[in-house]
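To start, the structure under review is shown below, and the notes come after it.
The values are calculated or read from the model by the stated rules, or taken from the named source; none is laboratory data. Note that this is a predicted model, so its numbers are computed, not measured. When we count neighbours, we look across all protein chains shown, and the Cβ atoms used for this are built from the backbone with ideal geometry, even at glycine.
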Amino acid sequence: MQQTVLILGANGRFGSNAAQAFAAAGWQVRKFDRSRDRLEQAARGADVIVNAWNPPYHHWAKEIPALHARVRRAALENDATVIIPGNVYVFGPDAPFRWTSDTPHLATNPLGKLRIDMENAYRRDGVRTIVLRSGDYIDTSASGNWFDMLMGKHLSKGKFYYPGRADIPHAWGYLPDVARAAVMLSEKRDQLKRFEDVPFPGYTLTGQELVAAISKVSGRDIKLKKMLWWPMNFARPFAPVLNGIFEMRYLWNLPHRLDGERFNALLPDFQPTPMEEALARGIAPLMPDAASPKPRRAAA
């Protein structure tokens, strides 16, 4: 019997990749349209709900609690499993280097606390939930994330701007891989705990390693530049979303990695895309003249 997934935020970064991955796996994909659909009706009969709704930072406090409350109600009415694309905001600046399913959520800043409260609400209400927690995304299109919007926007000129210390490890997730993992976890949801927190191991790279890898796959000598924050300060009164970007700035100066122990235990056969291939596809929209590698998969 064909399984059904409802994608909330199907036009966004995670949602669009999830829609492609579920369709490729043979699922019936419903894309929620907020202009015409009612969530309660759209969720009827759905086995999985991918909650990829993500309002701008400055709307989080006003919108996130109500949005997720609606999703929780719809999921409970159908006993559907909710997939949440989790982030690393919950850990806080005092977190240890290695982040696992059991690492305490100690964030005290507003955005971090909002994410902690949101996730806790799913656990409290007994919703079948999978939090697939990734580092910063590498996408195959220019989707407005850190990698393409701020760091790699001048790659065609041979420059890559890094927003923090370039000598410390930082977590990255190749978005098509994260979406494939969401499908695989969904397909074994009946074997999972009621609430699963699954860090996605992805790639852990320093800024220096990242630029060296981009230079290799592009065939060009890419220069690592330090991103200047002070010009954005002048725009903050006119672009309130920048306040959230400044709030999370500490992540670029905090060494960290997402541990793959739980992920590998649940998905031992998952084959990640090799890092160089993922980076080649990530820079393709930013460097159209860069060589495009032939697709291949790493050994599990």
Take the conditions acidic (Asp, Glu), out of contact with any Asp or Glu (no Cβ under 6 Å at 6 or more places or on another chain) and part of a loop (DSSP other than H, G, I, E, B) and apply them to Asp177. Does it pass?
no
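Filter the stretch 169-198 down to the residues that are charged (D, E, K, R) and out of contact with any Gly (no Cβ under 7 Å at 6 or more places or on another chain) and list them by number. Lay out the reasoning, then the answer.
Here is the first cut: in the stretch 169-198, the ones charged (D, E, K, R) are 177, 180, 187-190, 193-194, 196-197.
The answer is Asp177, Arg180, Glu187, Lys188, Arg189, Asp190, Lys193, Glu196, Asp197.
If we keep just the residues of the stretch 142-158 that are under 29 Å from Ala75 (Cβ atoms) and surrounded by 15 or more Cβ atoms within 10 Å (Cβ to Cβ), which is nearest to the chain's Cα centre (by Cα)? Let's see the steps before the verdict.
Start the filter on the stretch 142-158 by keeping residues that are under 29 Å from Ala75 (Cβ atoms), which leaves 143-145.
Now narrow it down to the ones that are surrounded by 15 or more Cβ atoms within 10 Å (Cβ to Cβ): 143, 145.
Values: Ser143: 12, Asn145: 10 Å.
Here the residue is Asn145.
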Being at pLDDT 95 or above and either part of a helix (DSSP H, G or I) or closer than 30 Å to Val183 by Cβ (or both) narrows it down to one residue among Phe246, Phe234; which is it?
Phe246
Over the stretch 129-151, the set of residues part of a loop (DSSP other than H, G, I, E, B) and either modelled with pLDDT under 95 or among the acidic types (Asp, Glu) (or both) is Asp139, Thr140, Ser141, Ala142, Ser143, Gly144, Asn145
Kindly provide the set of residues from the stretch 153-209 that are of a type in the set (D, E, K, R) and in contact with a helix residue (DSSP H, G or I) (Cβ under 6 Å, 6 or more places away or on another chain), ordered by number.
Arg165, Arg180
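Matching residues to (1) touching a Pro at 6+ places or on another chain (Cβ under 8 Å); (2) more than 15 Å from Phe147 (Cα to Cα); (3) buried (at least 19 other Cβ atoms within 10 Å of the Cβ):
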site: Tyr162; (1), (2), (3): no, no, yes
site: Ile168; (1), (2), (3): yes, yes, no
site: Trp172; (1), (2), (3): no, no, yes
site: Leu175; (1), (2), (3): no, no, yes
site: Arg180; (1), (2), (3): no, yes, yes
site: Met184; (1), (2), (3): no, yes, no
site: Glu187; (1), (2), (3): no, yes, no
site: Gln191; (1), (2), (3): no, yes, no
Would you say Ile84 is more than 20 Å from Asn17 (Cα to Cα) and either part of a helix (DSSP H, G or I) or in contact (Cβ under 8 Å) with a residue 40 or more places away in the chain (or both)?
no
Of all residues in the stretch 2-60 being surrounded by 17 or more Cβ atoms within 10 Å (Cβ to Cβ), among the hydroxyl-bearing types (Ser, Thr, Tyr) and farther than 14 Å from Ala80 by Cβ, which is farthest from the chain's Cα centre (by Cα)?
Tyr57
May I ask you to say which residue of Leu266, Leu254, Leu258, Leu205 is over 20 Å from Leu175 (Cβ atoms) and not basic (Lys, Arg)?
Leu254
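Counting just the residues of the stretch 249-276 that are among the aliphatic types (A, V, I, L, M) and not in a strand (DSSP E or B), which one comes out surrounded by the fewest Cβ atoms within 10 Å (Cβ to Cβ)? Give the derivation first.
Within the stretch 249-276, the subset among the aliphatic types (A, V, I, L, M) is 251, 254, 258, 265-267, 275.
From the residues that got through so far, the ones that are not in a strand (DSSP E or B) too are 251, 254, 265-267, 275.
Numbers: Leu251: 20, Leu254: 19, Ala265: 10, Leu266: 17, Leu267: 18, Met275: 19.
My answer is Ala265.
Does Phe200 fit the bill of being buried (at least 16 other Cβ atoms within 10 Å of the Cβ), more than 13 Å from Tyr162 (Cα to Cα) and not hydroxyl-bearing (Ser, Thr, Tyr)?
Details: buried (at least 16 other Cβ atoms within 10 Å of the Cβ): yes; more than 13 Å from Tyr162 (Cα to Cα): yes; not hydroxyl-bearing (Ser, Thr, Tyr): yes.
Answer is yes for this residue.
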Take the stretch 93-128 and flag every residue that is surrounded by 20 or more Cβ atoms within 10 Å (Cβ to Cβ), among the small types (Gly, Ala, Ser) and not in a helix (DSSP H, G or I).
Ala107
Might you check whether a residue that is more than 20 Å from Leu155 (Cβ to Cβ) and modelled with pLDDT of 95 or more occurs anywhere in the stretch 213-220?
no
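Does Thr204 satisfy the condition of being of a type in the set (Val, Ile, Thr), in a loop (DSSP other than H, G, I, E, B) and either modelled with pLDDT of 95 or more or over 18 Å from the mean Cα position of the chain (by Cα) (or both)? Write out each step before concluding.
Working: of a type in the set (Val, Ile, Thr): yes; in a loop (DSSP other than H, G, I, E, B): no; either modelled with pLDDT of 95 or more or over 18 Å from the mean Cα position of the chain (by Cα) (or both): yes.
For Thr204, the condition - of a type in the set (Val, Ile, Thr), in a loop (DSSP other than H, G, I, E, B) and either modelled with pLDDT of 95 or more or over 18 Å from the mean Cα position of the chain (by Cα) (or both) - is not met.
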Which members of the stretch 39-69 meet the condition of being part of a helix (DSSP H, G or I) and β-branched (Val, Ile, Thr)?
Ile64
